[in-house]
Amino acid sequence: MKKRKGINMKGKFMMAAAGATLLVTGCTSVGVTPVNSFSAKPANCQLDIYASEAEIQRPFQTACLINSRTGTTAFHRKNAAAAIDHARSEACGCGADAMLIQATDTQGVTMTTWGQGKAIIQAIRYTD
């Protein structure tokens with residue numbers, strides 16, 4: 001009996017499953033580096049947002065540094081604003097009153113990803 005070349009049904013199923021997995025994975029990630037120890041606030045706390053340190057009119061200390069990245073699938077919001085939104089609960093967890101946006105980036109679609117939003121944030125706590 002001659003073996004057929006090509007992909008059998010099991011192989012096609014495995015390829016389809018792998019493709020589906022790639023489509024829905026690529027989760028959001030938020031890395032937090034504590035700088036000072038403050039009491040945590042509720043995850044939905046209100047935060048002021050600043051684009052530069054010159055805008056801040058109150059004395060403050062850094063609570064933590066946050067590196068936030070959006071998911072990379074077709075179903076995620078993939079811009080810097082989404083990355084900042086994902087960082088809010090972590091900033092509240094550090095006890096922050098505000099977020100100072102240090103850098104943002106939006107990566108476009110490539111051969112391996114649907115794109116990604118990124119933000120580096122300094123979560124701050126007012127000291128007055």
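The values are calculated or read from the model by the stated rules, or taken from the named source; none is laboratory data. What you see is a predicted model; the values in this text were computed from it and never measured. Here the Cβ positions follow ideal geometry from the backbone for every residue, glycine too, while neighbour counts run over all protein chains shown. Note: areas computed on protein heavy atoms with side chains; ligands, DNA, RNA excluded. Shrake-Rupley method; radii C 1.70, N 1.55, O 1.52, S 1.80 Å.
Brief remarks follow.
- For the condition open to solvent by less than 60 Å² (accessible area, probe 1.4 Å) and either under 30 Å from ARG125 (Cα atoms) or modelled with pLDDT of 50 or more (or both), GLY31 qualifies.
- Reported count of residues in region 86-128, each being charged (D, E, K, R), over 14 Å from ASP48 (Cβ atoms) and not in a strand (DSSP E or B), is 1.
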